[in-house]
Amino acid sequence: MNTNKIFAQVFNFFRHWKVKENRVTLIEKLDTGGCGSLFSIKEECERRGLPLSFHVIRHSDYDVSIRNLPGLVRLFTYKAYMMATSSHIFVNDNFMPMAYMHMAPETTVVQLWHGMGSFKKFGGSSETDPGLLKELEAVNKNVTHILASSVNIKGNYAEAFCVPESKILTIGCPQADVYFKENDVEGKRQELERKYPNLKGKKLVLYAPTFRDDENRDRELLQHFDFEQFEKTLGDEYCLGVRLHPQIQSCAVPDSVINLTSYGNVRELLQMTDLLIADYSSIAVEYSLLGRPIILYAFDKEWYLEHDRGFYFDYEETAPGPIVETMEELLDCIQEKKWDIAKVKAFAKLHNDYFDADSSKRIVDYYWGQ
């Protein structure tokens with residue numbers, strides 16, 4: 001049973017109904033816990049008092065289970081109708097039913113994407129399955145605009161989404177606005193310390209590795225990180241937290257480590273983080289906006305470059321900090337503070353054109369002209 005085609009068939013039935021100018025659908029294909037670009041745009045519209053009606057298709061709506069049967073019925077009826085009659089549709093990931101949909105000419109579809117910049121390759125840049133590529137092309141024929149965070153990455157996004165560059169719009173990334181606003185970081189930090197008392201009085205180091213396209217490598221991912229040695233060497237000054245990428249399904253975080261994978265608001269978490277240990281993830285692009293230390297722990301760099309997705313820009317030349325391949329190098333790098341903030345700032349400028357809190361405003365101005 002192809003649920004994408006079924007949803008599209010229902011949508012296409014309702015597509016002949018009149019589009020409502022004030023109706024907007026937000027499709028949270030990637031679960032963000034109700035934050036990110038989708039909801040930043042909604043908040044800006046509400047702040048201005050625009051007469052818009054928002055309808056959300058959430059990640060949880062797709063839960064195929066007896067428990068969620070009422071939700072599935074609502075998704076395939078009421079929510080499909082609301083989407084089909086919306087004047088604007090915003091999505092944060094590829095919404096595959098759109099490959100089989102017939103959009104009304106009055107409807108504007110905007111792909112916000114959930115990751116900033118273009119660090120590792122994705123979508124049409126890395127997909128090798130001809131069937132999936134064809135489906136991806138069909139999806140994005142229905143997309144009016146795809147938002148990118150910089151003119152430097154327009155070509156990369158055009159390739160990734162299988163569209164001409166004319167569809168790529170570079171007027172900012174709404175989810176980045178939060179980094180340039182006044183936020184109660186201290187209050188959130190205190191909440192985190194109450195939950196994890198061993199964090200009190202220490203700097204938070206966040207290890208946030210991305211997934212591999214090889215499930216076995218995902219499963220073994222944390223075996224390459226010596227948590228005991230980290231604590232022994234750096235535990236007086238630093239406290240380590242781990243946040244796994246949502247696509248890592250088969251890797252268990254040790255009980256002795258603070259597991260922040262389920263922390264709902266990743267931007268809140270990054271603002272509390274003093275040092276980021278990444279590898280190939282676009283989380284480094286967001287974190288670079290804060291101008292704080294980044295270390296890339298790339299223990300499988302050669303394999304990743306040769307067998308996995310690869311990168312849009314030269315990995316070593318544009319890295320936002322030192323690249324280390326062993327735990328010994330990683331611990332020494334932190335102990336001796338060998339990071340390079342100049343590289344962090346250069347990395348941020350490569351992937352971002354705007355360093356302000358106004359991206360949501362620019363987007364609302366663009367689509368609603370107020």
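The values are calculated or read from the model by the stated rules, or taken from the named source; none is laboratory data. Quick caveat, the model's predicted, so the values are computed rather than measured. A quick note on method: Cβ atoms are made from the backbone with ideal geometry, for glycine too, and the neighbour counts reach across all protein chains shown. Accessible surface areas use protein heavy atoms only, side chains included; no ligands, DNA or RNA. Shrake-Rupley method; radii C 1.70, N 1.55, O 1.52, S 1.80 Å.
Being out of contact with any helix residue (DSSP H, G or I) (no Cβ under 7 Å at 6 or more places or on another chain) and not in a helix (DSSP H, G or I) is true for just one of Arg67, Arg74. Which residue is that? Even if it seems obvious, please write down each step before you answer.
Values: Arg74 fails: not in a helix (DSSP H, G or I).
Answer to the selection: Arg67.
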*Which residues, counting only those in segment 249-300, are among the charged types (D, E, K, R) and closer than 21 Å to Asp332 by Cα?*
Asp274, Asp279, Arg292, Asp300
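Out of all the residues in segment 334-370, which are buried (at least 21 other Cβ atoms within 10 Å of the Cβ) and either farther than 20 Å from Glu43 by Cα or without any contact (Cβ under 8 Å) to a residue 24 or more places away in the chain (or both)? It would help to see each step written out before you state the result.
So the first thing to find is which residues in segment 334-370 are buried (at least 21 other Cβ atoms within 10 Å of the Cβ), and the list is 334, 344, 347-348, 351-352, 359-360, 363-364.
Selection gives Ile334, Val344, Phe347, Ala348, His351, Asn352.
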*Pull up segment 273-296, narrow it to residues that are over 22 Å from Ala148 (Cα atoms) and in contact with a Gly (Cβ under 9 Å, 6 or more places away or on another chain), then point me to the one that is surrounded by the fewest Cβ atoms within 10 Å (Cβ to Cβ).*
Thr273
_Show me the helices (runs of 4 or more DSSP H) found entirely inside segment 159-273 where at least 2 residues are without any contact (Cβ under 8 Å) to a residue 40 or more places away in the chain._
185-195, 215-219, 227-234
*Which pairs do you get when a residue that is within 22 Å of Lys337 (Cβ to Cβ), found in segment 296-313, comes within reach of a residue that is open to solvent by 10 Å² or more (accessible area, probe 1.4 Å) and in a helix (DSSP H, G or I), reach meaning Cβ atoms under 6 angstrom, with the pair 6+ apart or on two chains?*
Phe299/His224
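When you scan segment 137-149, do you find a residue that is in contact (Cβ under 8 Å) with a residue 60 or more places away in the chain and either aromatic (Phe, Trp, Tyr) or crowded, with 21+ Cβ neighbours inside 10 Å (or both), even just one?
Within segment 137-149, the subset in contact (Cβ under 8 Å) with a residue 60 or more places away in the chain is 147, 149.
Next cut, either aromatic (Phe, Trp, Tyr) or crowded, with 21+ Cβ neighbours inside 10 Å (or both) only: 147, 149.
Yes, segment 137-149 contains a residue that is in contact (Cβ under 8 Å) with a residue 60 or more places away in the chain and either aromatic (Phe, Trp, Tyr) or crowded, with 21+ Cβ neighbours inside 10 Å (or both).
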_Considering only residues that are at pLDDT below 95 and of a type in the set (Val, Ile, Thr), which ones fall in segment 11-56?_
Thr32
*Hey, Ser150 hits all of (1) touching a helix residue (DSSP H, G or I) at 6+ places or on another chain (Cβ under 7 Å); (2) within 16 Å of Thr25 (Cβ to Cβ) but one; which does it fall short on?*
(2)
